[in-house]
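The values are calculated or read from the model by the stated rules, or taken from the named source; none is laboratory data. This structure is a prediction, so every number in the text was calculated from the model and none was measured. Glycine also receives a Cβ, built like all others from the backbone with ideal geometry; neighbour counts cover every protein chain displayed. In case anyone asks, the SASA skips ligands and DNA or RNA and just uses the protein heavy atoms, side chains included. Shrake-Rupley method; radii C 1.70, N 1.55, O 1.52, S 1.80 Å.
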Amino acid sequence: MKIFNTLSGRKETFVPLAEGRIGMYVCGVTVYDVCHIGHARSAVVFDVVRRYLRYKGFDVEFVKNFTDIDDKIINRARAEGASWDAVAGKYTEKYYADMHRLGVEDADVEPRATEHIKEIIELVAGLIERGHAYSIDGDVYFSVPSFPEYGKLSGRKLDEMLAGARVEVDPRKKNPMDFALWKSSKEGEPAWQSPWGPGRPGWHIECSAMSMKHLGRTLDIHAGGADLIFPHHENEIAQSEAYNSKPFVRYWMHNGFITVNKEKMSKSLGNFFTIQEILDIFDPEAVRLFLLQTHYRSPIEFSNEPLEEATQTLVRYYQGLERLDDFLFLSLPEGKKENCPPGFEDGILGGTPSGFKARFMQAMDDDFNTALAIGHVFELVKEMNRFLDQAPTGKKAKEFLLRAKEGLFEAAGVLNVFNRTPAEWQRALLKIKKIGLEVAGIERLIGERREARARKDFLRADEIRSELEQKGIALEDKKDSTAWRVKL
RNA sequence: GGCGGCGUACCCAAGUGGCUAAGGGAGAGGUCUGCAAAACCUCGAUGCAGCGGUUCGAAUCCGCUCGCCGCCUCCA
């Protein structure tokens with residue numbers, strides 16, 4: 001299995017520190033506001049990475065933190081007239097609500113910065129002891145020149161960074177690049193007691209302290225959005241490696257951005273779409289598919305159109321699945337003569353190396369190429385349809401298709417897309433398209449129409465059809481039944 | 001200014017040295033059907049921003065040009 005490692009800038013063969021076990025840490029969110037689709041991307045992408053590693057048989061310890069104390073939370077609390085911890089609590093809840101709807105699994109450990117003040121203080125004190133940090137008036141700074149390898153993740157050199165510095169430098173720092181490990185608190189701000197006086201942790205130190213506590217000194221995988229590479233992750237490396245004298249992370253993974261009009265979606269530009277407002281119009285599965293149809297390191301241009309296309313794509317998938325289910329459970333009476341169309345065994349439907357499962361794993365093994373993996377899903381769907389077009393009958397054909405379906409379900413479990421039943425999908429569409437009809441009501445009308453058709457009252461039958469059509473439901477007459485679809 | 005990425009069919013997108021350049025959406029043709037719709041099948045780039053080079057062979061490697069974007073500041 002290969003993973004693109006930001007540290008080396010290339011794909012590397014993945015070998016965990018301890019055989020069969022993986023410690024993985026993902027930078028979560030600062031809970032000062034609701035999440036936008038960019039946060040969703042990071043969460044969904046690394047959710048799939050985790051699921052795939054588990055699928056491969058690794059014992060994965062997955063840690064994702066919440067930054068629950070920070071300047072932005074304090075400012076937000078002021079703006080909302082609430083306490084800082086009420087703000088953090090509120091947006092933590094909203095985070096969970098969004099992520100659960102998107103099918104993102106909770107982490108094994110979900111540490112909060114404020115629950116690790118003791119570990120953070122130990123770490124800061126240790127860095128001072130080792131000569132990598134210094135305190136001034138209650139603040140503590142990391143001394144960047146004390147760590148010669150600084151810049152190795154983001155690929156920049158110290159002097160270059162100084163030349164491009166765009167931020168006002170605190171004159172008390174020994175070096176302009178030094179960053180805060182501990183910030184003294186002003187009057188009225190949340191504070192914890194420390195050897196340097198009351199204060200709160202700097203942003204970067206919490207991840208070092210928490211990852212070390214929950215996963216040990218060296219992590220297998222550390223992941224987050226590409227905007228965290230500098231300075232956040234660079235600083236984490238400096239702190240952790242200066243303290244431990246050991247490599248901090250073996251594989252760094254970073255996801256690409258969501259853009260709007262080709263520009264990075266961000267709070268400051270105001271061009272962001274919240275998860276909530278997107279899920280108000282689109283099904284979560286369509287959102288997830290949309291995010292996974294592009295490789296995780298490439299940018300994704302956001303707009304409604306691709307989400308509508310993703311919805312249409314899911315229609316194709318669930319149509320195929322329904323057809324398969326119909327075949328497997330309805331139109332395959334026992335005792336019918338055997339007819340298993342030849343020529344499919346060696347293709348994607350078969351269990352050979354060119355079969356679906358092998359291709360799926362090959363795609364995922366190559367730096368989690370979900371876009372290619374999803375492509376294989378639809379190759380399989382197409383081939384399945386072609387197979388069914390041959391009107392197969394009998395036990396052999398059934399077993400053949402059951403195996404194909406099994407492979408599909410394994411992939412669905414990893415992606416957490418394609419994971420519902422066709423009926424569940426239709427119900428979800430009914431809801432998201434805000435069609436004011438119940439399944440029972442639709443089926444009653446279909447029954448009425450069936451009777452009308454039986455007595456050749458096509459006027460009445462067409463009337464019912466157009467009545468449903470107006471409400472957004474299309475009818476499909478099959479051989480001996482009528483199915484309904486939500487129109488898109 | 002420094003560092004990095006991207007440019008593949010009408011749209012999205014995979015592919016980073018060698019079989020027919022995946023897959024989805026849209027479109028066209030066909031099958032099915034009381035009619036219809038849907039669904040399914042088929043079709044679709046002699047071509048991979050442009051120009052040059054390396055190679056038996058390049059979308060894929062190298063150089064230059066054009067266009068777009070990111071990081072260097074909080075940011076998923």
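Things to note:
- Test result for A:VAL15, of a type in the set (A, V, I, L, M, F, W, C), touching a strand residue (DSSP E or B) at 6+ places or on another chain (Cβ under 9 Å), assigned by TED's automatic domain parsing to the domain that holds A:GLU80 and more than 30 Å from A:TYR91 (Cα to Cα): yes
- Of all residues in region A:148-161, those that are in a loop (DSSP other than H, G, I, E, B) and open to solvent by less than 50 Å² (accessible area, probe 1.4 Å) have Cβ atoms under 6 Å from Cβ atoms of residues that are of a type in the set (Gly, Ala, Ser) and more than 6 Å from RNA strand B (Cβ to nearest atom), 6 or more apart or on another chain, in A:TYR150/A:ALA238.
- In summary, A:ALA79 fulfils each of the numbered conditions (1) of a type in the set (Gly, Ala, Ser); (2) part of a helix (DSSP H, G or I); (3) open to solvent by less than 50 Å² (accessible area, probe 1.4 Å) with the single exception of condition (3).
- Complete set of residues in region A:46-70 that are modelled with pLDDT of 95 or more and either open to solvent by 10 Å² or more (accessible area, probe 1.4 Å) or at positive phi (or both): A:ARG51, A:ARG54, A:TYR55, A:LYS56, A:GLY57, A:PHE58, A:ASP59, A:VAL60, A:GLU61, A:LYS64, A:ASP68
- The number of residues in region A:121-147 being loosely packed, with under 14 Cβ neighbours inside 10 Å and at positive phi comes to 2.
- Reported count of residues in region A:67-93, each being of a type in the set (Ser, Thr, Tyr) and farther than 22 Å from A:MET210 by Cβ, is 1.
- Among all positions in region A:108-120, there is no residue which is basic (Lys, Arg), modelled with pLDDT under 95 and surrounded by fewer than 17 Cβ atoms within 10 Å (Cβ to Cβ).
- Any chance A:GLN239 is closer than 24 Å to A:LYS487 by Cα and over 22 Å from the mean Cα position of the chain (by Cα): no
- Each residue in region A:285-305 was checked for being within 17 Å of A:HIS254 (Cβ to Cβ), assigned to a loop (DSSP other than H, G, I, E, B) and more than 8 Å from RNA strand B (Cβ to nearest atom), and 1 pass.
- Just one of the listed residues (A:ALA358, A:ALA397, A:ALA363) is surrounded by 15 or more Cβ atoms within 10 Å (Cβ to Cβ), part of a helix (DSSP H, G or I), within 9 Å of RNA strand B (Cβ to nearest atom) and not polar (S, T, N, Q), namely A:ALA363.
- In region A:453-483, residue nearest to RNA strand B (Cβ to nearest atom) [restricted to those that are under 13 Å from A:ILE435 (Cα atoms) and part of a strand (DSSP E or B)]: A:ALA474
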